[in-house]
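Where a number appears in this text, it was derived from the coordinates with a stated rule and is not lab data. Model, not experiment: these values are computed from the prediction. Note: ideal-geometry Cβ built from the backbone for every residue, glycine included; neighbour counts use all protein chains shown.
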Amino acid sequence: MLVPVPTRCRIPEILRSRGLTQSWLADKTGLSRHRVSDYARMVRIMTLQTAYMVATTLHVQVGELYVWEWREQE
């Protein structure tokens, strides 16, 4: 079965295109700067609730936060 897998986080590119920073996003969402950095570098993957909060703050759809690839699930 094919499943969607996030391959790259688009938060840095979305922020850059708007002249915003990860610190700004952390302040607006209440997330720590370290946590936002972890999400941006894909050290961590956001929960659906966190992704919704970030997407709402950035005025994008949740699915736009990542580049997705379809992969075979074992």
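Taking every residue in the stretch 29-53 that is more than 16 Å from ILE14 (Cβ to Cβ) and pairing it with any residue that is part of a helix (DSSP H, G or I), at least 6 positions away or on another chain, the pairs with Cβ-Cβ distances below 7 Å are SER32/ALA26; ARG33/GLN22; ARG33/SER23; ARG33/ALA26; ARG44/ASP38. Somewhere in the stretch 23-34, is a residue in contact with a Leu (Cβ under 6 Å, 6 or more places away or on another chain) and of a type in the set (Phe, Trp, Tyr)? No, there is no match, as no residue in the stretch 23-34 is in contact with a Leu (Cβ under 6 Å, 6 or more places away or on another chain) and of a type in the set (Phe, Trp, Tyr).
Residues in the stretch 44-62 that are surrounded by 12 or more Cβ atoms within 10 Å (Cβ to Cβ), within 22 Å of MET1 (Cβ to Cβ) and not β-branched (Val, Ile, Thr): none. All conditions but one from (1) aromatic (Phe, Trp, Tyr); (2) under 10 Å from the mean Cα position of the chain (by Cα); (3) outside any helix (DSSP H, G or I) apply to TRP68; the one that does not is (2).
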